[in-house]
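Structure, as structure tokens:
Read-outs throughout are calculated quantities, based only on the coordinates presented, and are distinct from any laboratory measurement. Owing to the predicted nature of the structure, the values given are computational and were not obtained by experimental measurement. Here Cβ is always computed from backbone atoms with ideal geometry, including for glycine, and neighbour counts include all displayed protein chains.
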Amino acid sequence: MVGLARQALARGWRTVTLNFRSCSGELNRLPQFYHSGHTEDLDEVVRLLVGREPNLRLGAVGVSLGGNVLLKWLGEQEVGVPAELVGAVAISTPFDLEPCARALDRGFCRWLYAANFLGTMRAKVRRKADRDPDLRRVVDLPQALRARTFAEYDRAVTAPLNGFADERDYWRRASSGPYLSRIRRPTLLVNALDDPIVPREALPNPVLLPPSVRAEYVPRGGHAGFIDGRWPWHVNSWVERRAIDFLAPLVADGDGAPRTSRVC
């Protein structure tokens, strides 16, 4: 996100970063955390920005889970996306959440990524339950605190907190893949074929994408990596440049003169 902001600022654009619920360094006040299909907050932020500045041209970039939220929102809104939002980029998106959750819950990913990430999520659940005892009526707290896989956590926390029947119902309804055909804004998808979190079977078939959506699948890049440069002196992520380069002509007028622009 810092790299994307630097690329945008270098073009004279302004930037906004959306912190999902509970990810800003403090707990949000409502019982629900963020989840992979929660698009309401993004919708509110976009409409707030364009409401403040009628001449705004807005480009949106989502990374990983943020990419899923962005694409799902674009598909949900379809022609209702504000005209000021002229384009979008989604990076390392988990288009189909079930195979991605399965990948996270086994092997090296479970040992490294899931163990670390779930540790922070269990801590948030404990803090929320201490602050709001009513949470225990909805969430099976002992089961949540024992969760060592995303399937266990989503079954204990995400599903009951957000009205899903179980973790599989959540994964199915929160996935952005089924919404891609409804996207009408110019959109770029960038994923790596060696992504340990997003397996190849989770990637949409480029042939089936609408004309507004372009997919670029590259051999290497990992999950939100895409590193170039010589380590450790000058390590960069080329996907940041690619994202801003894709948005640049979209946020310019027909004569190429930039308008008031912002990347969210």
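Between the alpha-carbon centres of region 211-237 and region 1-47 there is a gap of 22 Å. For region 156-227, the Cβ-based charge dipole about the Cα centre amounts to some 380 debye (Lys, Arg positive; Asp, Glu negative; other atoms uncharged).
Among 93-105, 111-123, the peptide with the highest mean count of other Cβ atoms within 10 Å heads the list, and the full ranking is 93-105, 111-123. Classification of the chain by its C-alpha gyration tensor yields a prolate form. The axis ratio a/c (a ≥ b ≥ c) is 1.5 or more, and a/b outweighs b/c. The charge dipole of the chain, taken about the Cα centre with unit charges on the Cβ atoms of Lys, Arg (+1) and Asp, Glu (-1), comes to about 520 debye, rounded to the nearest 20. Sites listed here are chymotrypsin sites (Phe, Trp or Tyr not before Pro) in region 135-240 whose DSSP assignment is loop and whose Cβ has at most 16 other Cβ atoms within 10 Å: 233. For residue 139, the shell of other residues with beta-carbons less than 12 Å away shows a net charge of +3, using +1 for Lys and Arg and -1 for Asp and Glu. Placing +1 on the Cβ of every Lys and Arg and -1 on the Cβ of every Asp and Glu, with nothing else charged, gives region 102-174 a dipole about its Cα centre of roughly 180 debye. Here the spin labels are modelled as points 7 Å beyond Cα on the Cα-Cβ line, and at residue 98 and residue 14 they lie 4.4 nm apart. The residues neighbouring residue 80, those whose beta-carbon lies less than 15 Å from its own, together hold a net charge of -1 under the Lys/Arg +1, Asp/Glu -1 convention.
Qualifying GluC sites (Glu not before Pro) in region 1-96, where qualification requires a DSSP coil assignment and no more than 14 other C-beta atoms within 10 Å, comprise 26. Each Cα pair under 8 Å and six or more residues apart adds its separation to the average, and for the chain the resulting relative contact order is 28 percent. Compute the distance in nm between two label points, each set 7 Å from the Cα along the Cα-to-Cβ direction, one at residue 26 and one at residue 136. Between residue 26 and residue 136, the label points sit 2.6 nm apart. Put in line by how crowded their Cβ is, counting other Cβ atoms within 10 Å and starting with the fewest, 16, 235, 61, 207 read 207, 235, 16, 61. Taking 0.36 nm per residue of separation and subtracting the current Cα-Cα distance, fully stretching the chain between residue 115 and residue 214 would add 32.3 nm.
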